[in-house]
Amino acid sequence: MPIGEFGGAPTPPGGSFMLSSPLYLFFEVSHAALNPARAFADATRLCFKSPVNPLSFTPFGKSVAAACELFERSTRRYGRPEWRIDSTLVGGERVPVQIATVWERPFCRLLHFERCLLHPPRRPQPKILIVAPMSGHYPSLLRGTVEAFLPNHDVYLTEWVDARMVPLAEGAFDLDDYIDYVISILHTLQGDTHVIAVCQPSVPVLAAVALMEAKDDPYVPNSMVLMGGPIDTRRNPTAVNKLAEQRGTDWFRRNVITKVPFPNPGFMRDVYPGFLQLNGFMSMNLDRHLEAHKDLFMHLVQGDGDSAQKHREFYDEYLAVMDLAAEFYLQTVDTVFVRHALPKGTMKHRAVPVDPERIHRVALMTVEGEHDDISGVGQTEAAHDLCINIPADRRTHYLQRGVGHYGVFNGSRFRAEIAPRIADFVLSNETSMLRRWKRNGAATA
């Protein structure tokens, strides 16, 4: 199932901004009104699952318990998921992992997945920065991505903050700020870094690297990997690309932007609310979601705990959504999906032109999924046509057969086929670390 993208989900029609402003408050009141029903359903579920209740062993009792669980899960609000990454394997040895915040701004925290190594690794451990998408879902949806790179890499990741939780006094946040954040993080990591942009960040990461190259910034990354990103949505446009282009930025401003209600910390901030995004995500594959919940009901009745738990784990992530700052969302829709500013050469960052042709020190890899219905095939590969001054032997493109958008960065084929190729690409461009490694004699270990 696809992760949401900017403008990447159909949104419900609405009226003017003034009419849509109370929408968030209506959602909050409706959610609160369902609290007694949720509590009753949960109590009923516990009653019909209790072994002291004879009905819990009957098809009727199991059906009641399953129905109550589905109702409770379908009406609850899902909070920010935990990372649940406590350890990893390094050279066949299980080592603990500690997650620490090493850089922070109002809308983002930089997490370091620090491995507590007892022995020096036998091979280079490149430093990679995973730039997570700020597109409705929490960055923990990239748990599988992080786990795939942890054994042989020093992993950092951007954890974006729910705009609903950022006080209005912290100011606005737009696409220019996003690019500034990426540059600031790369400076914090002080070079010898490889950046991986998952989906939406492909455009701001490419822009940030281009701006750094134009200034001969010493902290440009050694390489950048763009995965399933909307570099040029004119190529093989998907339904979501066409929707954004047809509607235009003003339509989104009128119909999906509302204010955060009291008593949230971001009271009165203009946002694209998470519940509207979730409505769009679900409607894109409604039949698949309905079938998944029907399967959950049957698994619960049949006592198939493993399958039911897999469903819970996936939807605990998928249904947890965050609000996006309105300035950021609208500027991204306009720049990426409506004006196609980057491929047309008209994109600017604070009045400074973004010129991908200035990139020459940074290796480039693009990854796409054959069945991606969010970023069509060819949209990410377009980066190679823009970065013409990167040497041919430091550029590569990979199309993964048989996967959709989500499969580009997660799942069995990602772990078996995509992640190893990215790791090989990163290692082949880890020049400074390789020099140190050889100098220390580790190459013969």
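Every read-out reported here was derived from the displayed coordinates using simple, explicitly stated rules and does not represent laboratory data. These numbers come from a predicted model, not from an experiment. Neighbour counts run over all protein chains shown; Cβ positions are idealised from the backbone, glycine included.
Summary table below
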quantity: 25 °C / 0.890 mPa s Stokes-Einstein diffusion coefficient of the chain, Kirkwood radius on C-alpha pairs, µm²/s; calculated: 106
quantity: Solvent-free Debye scattering, log10 I(q)/I(0), computed from the Cα coordinates of region 152-200 at q = 0.15, 0.18, 0.25 Å⁻¹; calculated: -0.53, -0.73, -1.15
quantity: Loop trypsin sites (Lys or Arg not before Pro), region 367-433, which have at most 12 other Cβ atoms in a 10 Å radius of their Cβ (DSSP); calculated: Arg401
quantity: Region 213-286: Cα Rg divided by the 2.2 N^0.38 Å rule of thumb; calculated: 1.58
quantity: Charged-residue dipole, Cβ positions (Lys, Arg, Asp, Glu), the chain about Cα centre, Debye nearest 20; calculated: 460
quantity: Long pairs among Lys62/Lys294; Lys49/Lys294; Lys62/Lys310; Lys242/Lys344; Lys127/Lys344; Lys259/Lys344, criterion Cα-Cα beyond 23 Å; calculated: Lys127/Lys344; Lys259/Lys344
quantity: Sites matching GluC sites (Glu not before Pro) across region 60-108 that sit in DSSP coil, with at most 11 neighbouring C-beta atoms within 10 Å; calculated: Glu82
quantity: Percentage relative contact order, the chain, counting C-alpha pairs under 8 Å, at least six apart; calculated: 22
quantity: Region 207-334, relative contact order [Cα under 8 Å, separation at least 6], %; calculated: 25
quantity: Computed over region 72-187: relative contact order in percent, which uses C-alpha pairs under 8 Å that are six or more apart; calculated: 27
quantity: Cα convex hull of region 296-385, projected area averaged across orientations, nm²; calculated: 9.6
quantity: Cβ-based charge dipole, region 36-78, positive-most Cα from Phe57, Leu46, Phe71; calculated: Phe71
quantity: Value in Å of the Kirkwood radius, where region 36-78 supplies the Cα pairs that are averaged; calculated: 10.3
quantity: Helix-only mean residue ellipticity at 222 nm for the chain, each DSSP H run of n ≥ 4 adding -39500 (n - 2.57), per residue, nearest 500; calculated: -11500 deg cm²/dmol
quantity: Rounded Å value of the spacing that divides the Cα centres of region 285-358 and region 253-281; calculated: 16
quantity: Ranked packing of 259-269, 221-231, 334-344, most packed first, by mean Cβ within 10 Å; calculated: 221-231, 334-344, 259-269
quantity: With eigenvalues of the C-alpha gyration tensor scaled by 5 and rooted, region 370-420, Å; calculated: 23, 14, 7
quantity: Alpha carbon centroid spacing (whole Å) that separates region 115-164 from region 361-427; calculated: 18
quantity: Angle in degrees between helix 305-318 and the longest Cα principal axis of the chain, rounded to the nearest 10; calculated: 60
quantity: Sites Arg350 and Asp192 - FRET efficiency at Förster radius 35 Å, r taken between beta-carbons, to 0.05; calculated: 0.80
